[in-house]
Amino acid sequence: DAIRTAIVAAGGVPMLVAALRGHPRTVDVQERASFVLGNLAARDDAFRSAIWAEGAIPLLVAALQGHPSDVYVQFWVCGALASLATSDDTLAAAIVAAGAVPLLVAGLQGH
């Protein structure tokens, strides 16, 4: 957890969200940023709040939509969204409102 805390303290969340926003067509960036955000979100309510506050949810949903055939983007984005939604009804509602459910279903059907 010390590494996760150091990532967040160093401004990692805004940088990761900026990477998602700035490189929507780059599979490797979408995959790796989703992986790290998911791992951060899985461990701490404050980290989940920071990820949400930076606007990551619509960008994660956009990654699902933009890379439907890439199994790794689908996998890591699903994990990140699950980690965000697991213990926070507000975040779960934001994920639904962002249009994630049909994309998640499509991802499951496609892989």
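The values are calculated or read from the model by the stated rules, or taken from the named source; none is laboratory data. In this text the structure is predicted, and so the values were computed from the model without any measurement. Glycine also receives a Cβ, built like all others from the backbone with ideal geometry; neighbour counts cover every protein chain displayed. Ligands, DNA and RNA are stripped out before the accessible areas are found, and what is left, the full protein with its side chains, is counted by its heavy atoms. Shrake-Rupley method; radii C 1.70, N 1.55, O 1.52, S 1.80 Å.
Hey, what angle do you get for helix 27-41 against the long axis of the chain, alpha-carbon based, 0 to 90 degrees rounded to 10? So the helix axis and the longest Cα principal axis differ by about 50 degrees.
Along the charge dipole of the range 29-111, pointing to its positive end and built from +1/-1 on Cβ of Lys, Arg, Asp and Glu, which listed residue (50, 84, 69) has its Cα farthest out? Projecting each Cα onto the dipole axis, the largest value belongs to 69.
Counting only alpha carbon atoms, the long axis of helix 100-110 and the longest principal axis of the chain meet at about 60°.
Note that the range 15-24 has calculated 3J(HN,Hα) couplings of 5, 5, 5, 4, 5, 4, 5, x, 9, x Hz, one per residue in order, obtained from phi through the Karplus relation 6.51 cos²θ - 1.76 cosθ + 1.60 (θ = phi - 60°); glycine and proline are x. For the chain, the longest principal axis of the alpha carbon atoms and the long axis of helix 56-66 meet at an angle near 30°. Rg over Rh of the range 45-111, using C-alpha atoms and the Kirkwood radius, what does it come to? Reported Rg/Rh (Cα atoms, Kirkwood Rh): 0.95. To put it simply, the accessible area of the chain at a 1.4 Å probe is 62 percent carbon and sulfur. Distance between the modelled labels on residue 26 and residue 53, one decimal in nanometres: 2.7 nm (7 Å Cα→Cβ projection). Dipole check for the chain: with +1 at the C-beta of Lys and Arg, -1 at the C-beta of Asp and Glu, and the Cα centre as origin, the magnitude is about 200 Debye. When both the range 1-58 and the range 88-111 are represented by their alpha-carbon centers, they are found 18 Å apart. Each Cα pair of the range 1-48 feeds into the Kirkwood radius, which the Stokes-Einstein equation turns, at 25 °C and 0.890 mPa s, into a diffusion coefficient of 226 µm²/s.
Report summary: the helix-based calculation at 222 nm, which adds -39500 (n - 2.57) for every DSSP H run with n ≥ 4 and divides by the residues of the chain, gives -24500 deg cm²/dmol. The phi torsions of the range 86-95, fed into the Karplus equation with coefficients 6.51, -1.76 and 1.60 and a -60° offset, translate into couplings of 3, 10, 9, 5, 5, 5, 4, 5, 5, 5 Hz, rounded to whole numbers, with Gly and Pro shown as x. Over the Cα atoms of the range 10-78, the radius of gyration divided by the Kirkwood radius equals 0.94; this is the Rg/Rh ratio. Longest exposed-loop-site-free stretch of the chain, with trypsin sites (Lys or Arg not before Pro), DSSP loop and at most 15 other Cβ within 10 Å? It runs 44-111.
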